[in-house]
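The values are calculated or read from the model by the stated rules, or taken from the named source; none is laboratory data. What you are looking at is a predicted structure, and each value in this text was computed from that prediction instead of being measured. Cβ atoms come from the backbone with ideal geometry, glycine included; neighbour counts cover every protein chain shown. We work out accessible area using only protein heavy atoms, side chains counted, and drop any ligands, DNA or RNA first. Shrake-Rupley method; radii C 1.70, N 1.55, O 1.52, S 1.80 Å.
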Amino acid sequence: MKFLIVFVALFALAVAAPTNEAQILRSESDVGPESFKYDWETSDGQAAQAAGQLKNIGSENEAISVQGSYRFVADDGQTYEVTYIADENGFQPQGAHLPVAPQA
């Protein structure tokens, strides 16, 4: 639960940070005691969305599971997108520009 509060606080800071002339085109969020979701997009090509759910509530193995994606335009002018899962197995990103670990 503490992780969820910290995550939402960091997200709020990131959204509130000053931008260089970018306008917020869409910003939606829903935060509850056991889950959250958000979706936002700016006029400079950035966007993010995620949904998280608290698992094993009240147990020793309580954990949050998050699925989401984010998109940004890099200095090279290319748009990059990352989809991810973050859970008890760690942060697992995927994107066309990211290296893929070889299968054992």
Any idea what the relative contact order of region 58-98 is, in percent, if you count C-alpha pairs under 8 Å spaced at least 6 apart? 33
Which value, in debye to the nearest 20, gives the size of the charge dipole of region 32-104 about its Cα centre, when Lys and Arg are +1 and Asp and Glu are -1 at the Cβ? 140
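Which order do the peptides 21-34, 89-102, 66-79 come out in when sorted by mean C-beta neighbours inside 10 angstrom, highest first? Please report the intermediate quantities before stating the final value.
Values: 21-34: 10.9, 89-102: 8.9, 66-79: 12.4.
Ranking, from highest mean packing down: 66-79, 21-34, 89-102.
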Inter-probe distance in nm under a simple model that places probes 7 Å from Cα toward Cβ, at residue 100 and residue 34: 3.7
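Which whole-number value in Å² is the accessible area per residue of region 43-104, probe 1.4 Å?
Working: 4290 Å² over 62 residues.
About 69 Å² of surface per residue is accessible.
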Multiply the residue gap between residue 78 and residue 25 by 0.36 nm, knock off their C-alpha separation, and tell me the result in nm, one decimal place. 17.1 nm
